[in-house]
1. Could you tell me which residue of the range 61-74 is farthest from the chain's Cα centre (by Cα), considering only residues that are outside any loop (DSSP other than H, G, I, E, B) and away from the ligand (no atom under 16 Å from the Cβ)?
2. Can you tell which of Val107, Val39, Val56 is surrounded by 14 or more Cβ atoms within 10 Å (Cβ to Cβ), under 18 Å from the mean Cα position of the chain (by Cα) and in a loop (DSSP other than H, G, I, E, B)?
3. So, in the range 75-101, how many residues would count as being among the small types (Gly, Ala, Ser) and within 9 Å of the ligand (Cβ to nearest atom)?
4. Can you tell me which residue in the range 85-99 is nearest to Gly34 (Cα to Cα), limited to those that are exposed (fewer than 14 other Cβ atoms within 10 Å of the Cβ) and without any contact (Cβ under 8 Å) to a residue 12 or more places away in the chain?
5. Just give me the residues in the range 6-36 being of a type in the set (D, E, K, R) and part of a strand (DSSP E or B), in sequence order.
6. Would you call Ala88 out of contact with any strand residue (DSSP E or B) (no Cβ under 6 Å at 6 or more places or on another chain) and within 16 Å of Met4 (Cα to Cα)?
Amino acid sequence: MHEMSIALGIVNIANKACEEAQAARIDSITLEIGKLAGVQLESLYFVWPAAVEGTVLAGAERIIEEREGQALCLECDREFALQHHFDACPHCQGYFKKIIAGKELNVKSMAFTLPDNPVPAPSKTR
Ligand SMILES: [Zn+2]
């Protein structure tokens, strides 16, 4: 499952961050996920417990910040909210656009038990 490999990727990032910070485990992890990133949140929630079991993320609070899709129309040069990849521009009905937000898939931050409080995670974009 697609979301399982995403979850395992997040576990990898968390492992590395824990090693670097010499922390035993993670208290909370904040993920930034765009609505156009192609991630089914329900599926991610579903696979999460199995993915984090026995890892540094077991028991960590999972915070997800969803990002709305935003595009710039290449025909009329206006920005608009994008719900789906193939939506047309609401101003001119044009289909040529540049997606400027909504494809995020990042580990935004993690909070460790040791040594101190929130350490910014290395931002990783797929
Ligand atoms: Zn337009």
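1. That would be Glu61.
2. Exactly one of Val107, Val39, Val56 is surrounded by 14 or more Cβ atoms within 10 Å (Cβ to Cβ), under 18 Å from the mean Cα position of the chain (by Cα) and in a loop (DSSP other than H, G, I, E, B), namely Val39.
3. The initial filter retains those residues of the range 75-101 that are among the small types (Gly, Ala, Ser), namely 81, 88, 94, 101.
Subsequent filtering for residues that are within 9 Å of the ligand (Cβ to nearest atom) retains 88, 94.
Residues meeting the conditions: 2.
4. So, considering only residues that are exposed (fewer than 14 other Cβ atoms within 10 Å of the Cβ) and without any contact (Cβ under 8 Å) to a residue 12 or more places away in the chain, the one nearest to Gly34 (Cα to Cα) is Phe86.
5. Once the filter is applied, which keeps residues that are of a type in the set (D, E, K, R) and part of a strand (DSSP E or B), the range 6-36 yields Asp27, Glu32.
6. no
Read-outs throughout are calculated quantities, based only on the coordinates presented, and are distinct from any laboratory measurement. Please read these numbers as outputs of a predicted model, since none were measured by experiment. Positions of Cβ are generated from backbone atoms using ideal geometry, with glycine treated the same way; all protein chains shown enter the neighbour counts.
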